[in-house]
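FYI, it's all coordinate maths here, none of it is from the lab. Predicted model only: the values in this text are computed from it and were never measured. Note that each Cβ is placed from the backbone with ideal geometry, even for glycine, and that neighbours are counted across all protein chains shown.
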């Protein structure tokens, strides 16, 4: 499978409507019409958001009868999550070290 363009993925995730679309598709595939019930925006605007997610590789359209079924491409987010996780681990370790230093400092202060 081709690695998704991280810039497109992060740009797609920057919009709250697109994040909500992802949340709605997390458990079940859906049609654009069914998704439109959850948004106070026009069908055309929602369609544009779907196109951005599709271009980023986050959504896949499958033809099912006369409808286009939208599904989440879970692999597309994996690379971005790994990138975020790398930096999350760094900050977790940094905060753990800081907490150790503070604890040692407090112990030294109380022993004086």
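Computed over the chain with a Gaussian network model linking Cα atoms closer than 10 Å, the most mobile of 97, 20, 51 is 97. Label-to-label distance, residue 47 versus residue 86, with points set 7 angstrom from Cα along the beta-carbon direction: 3.9 nm.
For segment 6-110, the relative contact order works out to 27 percent when only alpha carbon pairs closer than 8 Å and six or more residues apart are counted. Each of 68, 18 was scored by other Cβ atoms within 10 Å of its Cβ. Listed from fewest to most, they are 68, 18. Rounded to the nearest 500, the helix-only mean residue ellipticity at 222 nm of the chain stands at -21000 deg cm²/dmol, with each DSSP H run of n ≥ 4 adding -39,500 (n - 2.57). Average 1/r across all pairs of distinct alpha carbons in segment 6-110, invert it, and you get the Kirkwood radius: 16.2 Å. Extension gain, residue 36 to residue 16, is 5.7 nm, computed as 0.36 nm per intervening residue step minus the present C-alpha separation.
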